[in-house]
Amino acid sequence: MNALPGLFRNKPAFEESYVQGLDRMLTLEGLGTFILVLANASYDESIYLALSQRLGQRYHELVSAQDHYAENTPDDIHVFEQIRQVELDQLVYTSKRALGPWSIQYNLLRSFRPSRLSKQRVDSLFMPFDPAGFHFNKSFLEQEIWWEGNLLGRHSRLLYNKFPFSDYHGLLVIEPACHRPQVLTRDIHEYIWQLAAELSGCLPGIGLGYNAYGAAASVNHQHFQIYCREGGGYPIENPRWIHHGGGYAYPLNCFKATTCKSAWDRLESLHAANTAYNLLYRPGLVYIIPRRFQGSFADADWMTGMGWSDMAGEFTVIDYDKFQQLSSEQLESRLRAAAPTANPGS
């Protein structure tokens, strides 16, 4: 068995690695790394307070150097200009609150994020990898790498999520040089299943989310979203739901697979039916959520789309008034709107 790399061996090491990486990025040139550090720090108040002085200094340096913006990517220039319109000292930490069985978070920085593929209308799970498109081997993303190395026998790259919506949130790319599109294969599914189990012994609260192509995946380069949060899981994990043996029906069909094989059998049926889906891997199980393709139903104006986290019952809200006013019935209606018209994979 391959030993786990140091940062994965316990929660303090994982958290320390995360914060140290953000601190290091504040020494780098360019808008992109500043935006990443600001978005990750503003998600967690304790991290923001630890980095706030250096964030302020770096912000004013970048504002003073605006004549050199052309050296940055158009996406980063656009995001930084939105930050300038708000002003750094007016940005607020990500806020969360429970709403019935659901959770919502107000995440202003995420509203600045480029949508890339996540807003395009899609009608197929399968799209070839495009080397000319956005992918995780782009040279300008090298500065956003959190860690890279051997992870349970496969060369892996862990990048920071530039606009996080979960705790210690990263993007895990398995064998990035293989240029796999965002299409799940049996061997990668089995690997992620094993990885969740192995990491759970060292990192309580570990989970991996997955957006299939056409299910709010913003990049067509195979990746998983890894997070580590203690003190409660996502609403889809609540024992009240029928898929856990409870008495309440989740607003759209959710399959909880407790063996790797049964999960793959279900996923194969979704592939055969060309049905989009989101996944949440937890140790020893995976939640499989069939849904309609993005663009085939209208997003609410207070959302940035519906990815695995929203489908798992924690909604990202980009309008503060809506954050205060939304009802649980409105959230449930968004899940019902995403349900496929047929009963796929049955």
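The values are calculated or read from the model by the stated rules, or taken from the named source; none is laboratory data. All values derive from a computational prediction rather than experimental measurement. Note: ideal-geometry Cβ built from the backbone for every residue, glycine included; neighbour counts use all protein chains shown. Heavy atoms of the whole protein, side chains included, go into the accessibility calculation; ligands, DNA and RNA do not. Shrake-Rupley method; radii C 1.70, N 1.55, O 1.52, S 1.80 Å.
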Notebook entry, point to check: How many residues are open to solvent by 20 Å² or more (accessible area, probe 1.4 Å) and in a helix (DSSP H, G or I) when one looks only at the stretch 1-57?
Noted result: 21
Check: Only one of 269, 296 is farther than 28 Å from residue 205 by Cα, in contact with an Asp or Glu (Cβ under 8 Å, 6 or more places away or on another chain), open to solvent by 30 Å² or more (accessible area, probe 1.4 Å) and of a type in the set (S, T, N, Q); which?
Finding: 296
Note to self: Here's a check for you: in the stretch 87-138, which residue that is closer than 23 Å to residue 300 by Cα, open to solvent by 40 Å² or more (accessible area, probe 1.4 Å) and assigned to a loop (DSSP other than H, G, I, E, B) is modelled with the lowest pLDDT?
What the structure shows: 115
Notebook entry, point to check: Is it the case that the stretch 69-85 has a residue that's in contact (Cβ under 8 Å) with a residue 60 or more places away in the chain and within 23 Å of residue 218 (Cα to Cα)?
Noted result: yes
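Each row is one residue, and each column tells you yes or no for (1) polar (S, T, N, Q); (2) modelled with pLDDT under 95; (3) open to solvent by 50 Å² or more (accessible area, probe 1.4 Å).
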residue: 274; (1), (2), (3): yes, no, yes
residue: 279; (1), (2), (3): no, no, no
residue: 291; (1), (2), (3): no, no, no
residue: 311; (1), (2), (3): no, no, no
residue: 330; (1), (2), (3): yes, no, yes
residue: 333; (1), (2), (3): yes, no, no
residue: 342; (1), (2), (3): no, yes, yes
residue: 345; (1), (2), (3): no, yes, no
Item checked: Among the residues listed as 277, 281, 250, the single one being in contact (Cβ under 8 Å) with a residue 60 or more places away in the chain, of a type in the set (Phe, Trp, Tyr) and within 22 Å of residue 96 (Cα to Cα) -> 250
Item checked: residue 198, sole failed condition from (1) of a type in the set (D, E, K, R); (2) modelled with pLDDT of 95 or more; (3) assigned to a loop (DSSP other than H, G, I, E, B) -> (3)
Check: Being touching a residue at least 60 places away in the same chain (Cβ under 8 Å), closer than 30 Å to residue 272 by Cβ, surrounded by fewer than 21 Cβ atoms within 10 Å (Cβ to Cβ) and over 18 Å from the mean Cα position of the chain (by Cα), is that true of even one residue in the stretch 163-176?
Finding: no
Notebook entry, point to check: Of (1) under 26 Å from residue 304 (Cα atoms); (2) without any contact (Cβ under 8 Å) to a residue 60 or more places away in the chain, residue 136 satisfies all except one. Which?
Noted result: (2)
Check: In the stretch 242-261, which residues are open to solvent by 50 Å² or more (accessible area, probe 1.4 Å) and at negative phi?
Finding: 242, 244, 247, 248, 249, 253, 256, 258, 259, 261
Checklist line | Residue match in the stretch 314-325 (condition: part of a loop (DSSP other than H, G, I, E, B), surrounded by fewer than 15 Cβ atoms within 10 Å (Cβ to Cβ) and touching a residue at least 40 places away in the same chain (Cβ under 8 Å)) | finding: no
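In the stretch 139-161, how many are open to solvent by 40 Å² or more (accessible area, probe 1.4 Å) and touching a helix residue (DSSP H, G or I) at 6+ places or on another chain (Cβ under 9 Å)?
7
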Notebook entry, point to check: For the stretch 67-84, does any single residue satisfy the condition of being open to solvent by 50 Å² or more (accessible area, probe 1.4 Å), out of contact with any Pro (no Cβ under 8 Å at 6 or more places or on another chain), within 26 Å of residue 299 (Cβ to Cβ) and of a type in the set (Val, Ile, Thr)?
Noted result: no
Margin query: If I filter the stretch 216-228 for residues that are in a strand (DSSP E or B), in contact with a Phe, Trp or Tyr (Cβ under 7 Å, 6 or more places away or on another chain), modelled with pLDDT of 95 or more and farther than 26 Å from residue 28 by Cβ, do I get at least one hit?
Written below: no
